[in-house]
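The values are calculated or read from the model by the stated rules, or taken from the named source; none is laboratory data. All figures in this text were calculated on a predicted structure; none of them were measured in a lab. Note that we place each Cβ from the backbone using ideal geometry, even for glycine, and neighbour counts take in every protein chain shown.
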Amino acid sequence: MPSALDVEVTVLLWVRTRSGRVYATGLVEWSRDSFGNLPSHTFESFVLHLGLERGNADIREAFCNVRPAINRYRDGQLGCRTATAAKGGSRRWTADGHVVANVDNDGAGNRRRPLAGSPAL
């Protein structure tokens, strides 16, 4: 992560149900040290790729651009969710995903960081 006001980022994934439908939800939370000036461009890109899976097969996907918020606010959180799918009788629904991030001026370009999937629902 960036050296100027290091950012600690946590991404949580889970599956929710509602009225016979199922969807994946992701929450990106970040915080920085409480001193110094906030750099204007910590990340050149920061995108959460979120998937709703049934038996490891992608059923729904969402792509959430977190960069504007994570660059603007010292601390915060941003939620993301997929479209819903009919739950049916399957008990193998999971949320999975990865983050593609590019730290400003580190010369490394986009880096893909896999996330741990949610427990099965």
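Observations on the structure shown:
- Qualifying residue in the stretch 86-105 (condition: among the polar types (S, T, N, Q), farther than 18 Å from W30 by Cβ and exposed (fewer than 14 other Cβ atoms within 10 Å of the Cβ)): yes
- Taken together, the residues in the stretch 83-110 that are over 27 Å from A69 (Cα atoms) and either at pLDDT 95 or above or not charged (D, E, K, R) (or both) amount to 6.
- Going through (1) in contact (Cβ under 8 Å) with a residue 40 or more places away in the chain; (2) among the aliphatic types (A, V, I, L, M); (3) surrounded by 17 or more Cβ atoms within 10 Å (Cβ to Cβ) one by one, I59 falls short only on (1).
- Of all the numbered requirements in (1) under 16 Å from A120 (Cβ atoms); (2) under 16 Å from the mean Cα position of the chain (by Cα), S90 misses one, and that requirement is (2).
- The number of residues in the stretch 9-39 being at pLDDT 90 or above and surrounded by fewer than 12 Cβ atoms within 10 Å (Cβ to Cβ) comes to 4.
- Strands (runs of 3 or more DSSP E) contained in the stretch 19-121 and holding at least 2 residues within 17 Å of V7 (Cβ to Cβ) and among the basic types (K, R): 111-114
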